Structures are given as structure tokens and as C-alpha cells.
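Have a look at the structure below before the remarks.
The values are calculated or read from the model by the stated rules, or taken from the named source; none is laboratory data. As the structure is a computational prediction, the values presented were derived from the model and not from experiment. So basically every Cβ, Gly included, is an ideal-geometry build from the backbone, and we count neighbours across all protein chains shown.
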Amino acid sequence: MKIHNFYAGPAILPAPVLKQAAEGVTNFAETGLSILEISHRSPEFVAVLDEAEALVRELLEVSDDYGVLFLTGGASSEFYLTAMNLLNEDETAGYIDTGSWSAKAIKEAKAFGEVKVLASSKEANYNYIPTGFDIPAGLKYVHLTSNNTIFGTQFKEFPATEAPLVADMSSDIFSRPLPLERFGIIYAGAQKNMGPAGVTLVIVRKDLLGKVKRHLPTMLDYRTHIEKQSSFNTPPCFPIYVSMLTLRWVKEQGGVAAIAKRNEEKAQLLYDEIDRNPKFKAAVADPASRSLMNVTFVPTDEADTKPFLAAAKAAGCVGLGGHRSVGGFRASIYNSMPKESVQVLVDVMKAF
Ligand SMILES: *Cc1c(COP(=O)(O)O)cnc(C)c1O
């Protein structure tokens with residue numbers, strides 16, 4: 001039976017990428033060696049790093065004003081690294097609080113400077129994206145979480161700010177074109193939409209760096225990794241390799257604009273069924289706030305939770321349990337998820 005992978009992260013990767021990754025484990029780039037045992041300074045691996053960077057730049061139209069980095073420590077480390085590298089103690093950054101990940105970023109930033117929470121949807125268990133709030137002048141940057149993996153909300157448009165945006169895009173990077181010039185930093189743990197766990201993509205505008213007064217340990221200074229092309233120390237070679245293969249696949253699909261169109265169709269298919277089927281209710285009522293990546297929904301009758309998960313599993317649909325803070329169900333339908341798999345889930349819902 002075909003298994004349809006709806007896990008939120010680590011998450012689905014394209015089938016051809018998994019096949020190529022497996023080949024790389026036994027014979028990488030015709031070297032007769034495994035990608036797992038080859039030097040990160042070898043020309044074969046340097047070519048992987050170069051291609052991964054070039055694909056990021058091409059797919060998201062990233063100019064040379066930005067560094068493209070492949071780091072370790074997860075998106076969670078970027079919560080403090082962004083503030084540590086950009087924010088002086090007497091400066092203020094604005095944060096938009098749209099979920100647990102935003103709240104964690106806010107907590108970490110407070111150790112480095114002033115944090116002003118510009119808007120929050122916490123009072124409604126984060127079930128919408130705030131709009132129309134005031135953004136004062138003079139902020140160093142404005143931080144947001146572009147897609148809220150747990151609650152199933154997503155910024156469709158980014159707030160107009162005079163300060164550069166700093167965005168956690170862990171769960172929707174490469175899912176759509178971006179107005180890149182508005183961002184100072186974009187960061188993303190790979191394991192939702194780009195590759196396996198173990199590498200974090202950071203895109204950073206170089207002219208924002210070198211302005212903080214504090215001492216930055218070498219490893220925690222973004223400039224180190226820009227200067228050394230992510231190879232100051234041993235980079236996570238295998239996650240970078242698989243991410244590169246995934247980005248090649250994104251390009252083959254027609255790039256992020258084509259992917260975005262498919263993502264919209266997939267999400268529409270599922271939301272239409274949730275809205276139509278009296279057995280289910282969307283966790284996010286406002287269509288303008290609904291995530292195209294993580295579709296959260298609850299059963300009308302709580303007693304249906306276990307039977308529905310069992311029916312889904314019988315059809316090969318796995319990873320649908322909702323996060324404990326929302327309950328119900330969450331279908332993560334990232335870039336790599338084919339529309340046919342979403343259709344299988346919709347058919348299970350119809351039959352239920
Ligand atoms: C998963 C996730 C994180 C945490 O990423 P790690 O790489 O595990 O640190 C942060 N932000 C968002 C939006 C996520 O989805």
C-alpha cells in the first residue's frame with residue numbers, strides 16, 4: 001500500500017530525491033565513496049555546496065547583497081542569533097506573536113535588546129494572523145513567523161515596514177515567490193520544506209551585520225560563515241546534499257511560482273472538503289489566515305478523533321494527529337506532497 005506522509009516535520013521529501021540520496025550514500029558523484037565519508041573540502045562536496053547556494057539564489061532571486069548560509073543548530077538557534085547579530089542593548093526590535101515559535105523567538109531576543117510586541121493573536125489560541133496594527137518608526141527590524149506550523153496560519157502578505165523584516169520561514173520556504181528586498185534575514189530549518197533535519201538555511205543582508213557592540217563568538221557571528229562559505233567548520237554535509245537535491249527538484253517543477261500554484265490547488269481541495277463536510281471544522285476560520293502548508297481541523301464530535309485517524313491510516317494516510325495545543329488533526333501538505341495524496345485524504349473524509 002502506498003503511504004501518504006502528512007507529518008509536520010521532519011516531513012515528506014520527493015521520491016526521486018530519496019532515491020538519489022540513497023545512491024549518494026553508497027557511491028557519491030562517481031567517487032566510489034559515500035557522501036557520508038568524503039571530505040567537506042573535496043571538490044565533489046564543494047560542488048554540492050556551490051550548487052545548493054546557486055539554487056537558493058536562483059529560486060528566490062537572492063542578490064549578492066545577501067549571504068546564503070547553511071548552518072547547524074536548527075531554526076531554534078536563529079531565534080537568538082538574529083537578535084545577537086542585529087540588535088544592540090539600547091535598540092528596539094518589533095515582533096509579531098503568531099504562535100509558539102514566535103513566542104520562543106521573542107523570549108530569546110529579550111536577552112539582547114528591547115523587544116516590542118506589535119501584535120498578537122494569543123488570546124484566540126493563535127487562530128488568525130493579526131492585521132492593521134501600528135508599527136512605530138525607529139525599529140531595528142520586525143520579526144515574524146511566516147507560517148505557523150502548529151496552528152495552521154500563514155502570512156499571505158507581509159506587513160509594510162520601514163525596518164527590514166526578519167522571518168522564520170521554516171515551514172514555508174520555497175513554497176512561493178518572495179519580495180526578497182524587504183527582508184533583512186530569512187531563516188529556515190530544512191526539515192519541513194527543504195530537506196532532512198540537520199541544516200538551517202539563513203539568508204542575510206550583509207550590510208546589516210557588524211553593527212552590534214557586543215562581542216560575538218566566532219561561530220555565532222554570521223560574518224564568519226559568509227566569509228568561509230559555510231565551511232568555517234565541518235558543515236552538515238549529508239543534509240546539505242539532500243537539500244540541494246530537493247532544490248534541484250523544485251527547479252524541475254518550474255520553480256517557486258509553479259510550486260505556489262500547485263500548493264494553492266492542494267490546499268483548496270482540502271479546505272473545501274473541511275468546510276463542506278459536517279463531520280469536520282477548520283481550526284482557522286478566516287480564509288485569509290489559513291496556511292497552505294499545515295491544514296488544521298477538528299472533528300465536530302470529539303469522539304470521532306480516534307476513529308477518523310484509524311480510517312485515514314487504513315488508507316495509508318499517516319502523520320495526521322494534531323499538535324497537542326490545537327488538538328484534532330493537522331495535514332501537512334508541503335511542496336513535496338503530490339495532489340493525489342491530498343485527494344486520498346479527501347476521499348477518506350468523504351467516506352467517513
Ligand atoms: C519546526 C519549526 C521550528 C523549529 O525548528 P528546529 O530546526 O527544530 O529548531 C521553528 N520555527 C518554525 C516555524 C517551525 O516550523
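Failed condition for S170, given (1) without any contact (Cβ under 8 Å) to a residue 40 or more places away in the chain; (2) surrounded by 15 or more Cβ atoms within 10 Å (Cβ to Cβ); (3) not aliphatic (A, V, I, L, M), with all others met?
Among (1) without any contact (Cβ under 8 Å) to a residue 40 or more places away in the chain; (2) surrounded by 15 or more Cβ atoms within 10 Å (Cβ to Cβ); (3) not aliphatic (A, V, I, L, M), the lone unmet condition for S170 is (1).
Among the numbered criteria (1) farther than 30 Å from C237 by Cβ; (2) within 16 Å of the ligand (Cβ to nearest atom); (3) hydrophobic (A, V, I, L, M, F, W, C), which single criterion is violated by V117?
(2)
For region 10-100, which fully contained helices (runs of 4 or more DSSP H) count at least 2 residues that are aromatic (F, W, Y) and either touching a Pro at 6+ places or on another chain (Cβ under 6 Å) or outside the structural domain of N335 (by TED's automatic domain parsing) (or both)? Full working, then the answer.
Values: elements: 15-26, 43-60, 74-86.
Counting at least 2 such residues, we get 74-86.
Restricted to region 99-109, and to residues that are on the phi < 0 side of the Ramachandran plot and not aliphatic (A, V, I, L, M), which residue is nearest to the ligand (Cβ to nearest atom)? Don't jump to the end; show me each part of the working.
The first filter runs over region 99-109 and keeps only residues on the phi < 0 side of the Ramachandran plot, leaving 100-109.
After this cut, where a residue has to be not aliphatic (A, V, I, L, M) as well, the list is 100-102, 104, 107-108.
Details: S100: 9, W101: 4, S102: 8, K104: 7, K107: 13, E108: 11 Å.
Looking at residues that are on the phi < 0 side of the Ramachandran plot and not aliphatic (A, V, I, L, M), I get W101.
Considering only residues of region 58-82 that are of a type in the set (G, A, S) and buried (at least 21 other Cβ atoms within 10 Å of the Cβ), which is nearest to the ligand (Cβ to nearest atom)? Walk me through how you get there before you give the answer.
As a first pass, look at region 58-82 and keep what is of a type in the set (G, A, S): 63, 67, 73-77.
Narrowing further to those that are buried (at least 21 other Cβ atoms within 10 Å of the Cβ): 67, 75.
Numbers: G67: 19, A75: 4 Å.
Checked region 58-82; the qualifying residue nearest to the ligand (Cβ to nearest atom) is A75.
What number of residues within region 159-200 satisfy the criterion of being more than 11 Å from the ligand (Cβ to nearest atom) and of a type in the set (D, E, K, R)?
Going through region 159-200 one residue at a time, the tally reaches 4.
Quick check on this structure: which one of K122, K140 is closer than 25 Å to Y222 by Cα, surrounded by fewer than 23 Cβ atoms within 10 Å (Cβ to Cβ) and either assigned by TED's automatic domain parsing to the domain that holds V212 or away from the ligand (no atom under 16 Å from the Cβ) (or both)? Steps first, please.
Numbers: K122 fails: closer than 25 Å to Y222 by Cα.
Only one candidate passes the filter, namely K140.
Consider P235 against the criteria (1) assigned to a helix (DSSP H, G or I); (2) assigned by TED's automatic domain parsing to the domain that holds E78; (3) of a type outside the set (D, E): it satisfies all of them except one. Which criterion is unmet?
P235 satisfies all of (1) assigned to a helix (DSSP H, G or I); (2) assigned by TED's automatic domain parsing to the domain that holds E78; (3) of a type outside the set (D, E) except (1).
Could you say whether any residue in region 264-283 is among the β-branched types (V, I, T), farther than 21 Å from G319 by Cα and either in contact (Cβ under 8 Å) with a residue 24 or more places away in the chain or part of a loop (DSSP other than H, G, I, E, B) (or both)? Step through it out loud before you land on a result.
First, the residues of region 264-283 that are among the β-branched types (V, I, T): 274.
Adding the requirement that they be farther than 21 Å from G319 by Cα leaves none.
So far as region 264-283 goes, no, none of its residues is among the β-branched types (V, I, T), farther than 21 Å from G319 by Cα and either in contact (Cβ under 8 Å) with a residue 24 or more places away in the chain or part of a loop (DSSP other than H, G, I, E, B) (or both).
Could you tell me whether K279 is farther than 21 Å from K192 by Cα and of a type in the set (K, R)? If you could, list the steps in order and put the result at the bottom.
Values: farther than 21 Å from K192 by Cα: yes; of a type in the set (K, R): yes.
So K279 fits the description; yes.
Looking at (1) assigned to a loop (DSSP other than H, G, I, E, B); (2) within 12 Å of the ligand (Cβ to nearest atom), which one does K156 not meet, given that it meets all the others?
(2)
Within region 303-320, how many residues turn out to be farther than 12 Å from M349 by Cα, touching a Phe, Trp or Tyr at 6+ places or on another chain (Cβ under 6 Å) and surrounded by fewer than 18 Cβ atoms within 10 Å (Cβ to Cβ)?
Of the residues in that region, 0 qualify.
Has region 83-98 got any residue that is among the aromatic types (F, W, Y) and either within 13 Å of the ligand (Cβ to nearest atom) or surrounded by fewer than 21 Cβ atoms within 10 Å (Cβ to Cβ) (or both)?
At the first step, the residues of region 83-98 found to be among the aromatic types (F, W, Y) are 95.
Okay, now just the ones that are also either within 13 Å of the ligand (Cβ to nearest atom) or surrounded by fewer than 21 Cβ atoms within 10 Å (Cβ to Cβ) (or both), so none.
No; the residues of region 83-98 include none that is among the aromatic types (F, W, Y) and either within 13 Å of the ligand (Cβ to nearest atom) or surrounded by fewer than 21 Cβ atoms within 10 Å (Cβ to Cβ) (or both).
Checking the condition crowded, with 16+ Cβ neighbours inside 10 Å, away from the ligand (no atom under 16 Å from the Cβ) and under 24 Å from N193 (Cα atoms), which residue from L49, L36 passes? Spell out the reasoning first.
Values: L36 fails: crowded, with 16+ Cβ neighbours inside 10 Å.
Exactly one of L49, L36 is crowded, with 16+ Cβ neighbours inside 10 Å, away from the ligand (no atom under 16 Å from the Cβ) and under 24 Å from N193 (Cα atoms), namely L49.
Filter region 117-148 for residues that are under 19 Å from Y187 (Cβ atoms) and charged (D, E, K, R) and give the result.
Pass one, region 117-148, residues under 19 Å from Y187 (Cβ atoms): 139-148.
The one that is under 19 Å from Y187 (Cβ atoms) and charged (D, E, K, R): K140.
Quick one: in region 178-224, which of the residues that are of a type in the set (G, A, S) and under 14 Å from L71 (Cβ atoms) is surrounded by the most Cβ atoms within 10 Å (Cβ to Cβ)?
Initial filter on region 178-224 (of a type in the set (G, A, S)): 184, 188-190, 195, 197-198, 210.
Of the ones still in play, those that are also under 14 Å from L71 (Cβ atoms) are 188-190, 195, 197-198.
On the way: A188: 25, G189: 26, A190: 26, G195: 29, A197: 15, G198: 20.
If we take residues in region 178-224 being of a type in the set (G, A, S) and under 14 Å from L71 (Cβ atoms), then G195 is surrounded by the most Cβ atoms within 10 Å (Cβ to Cβ).
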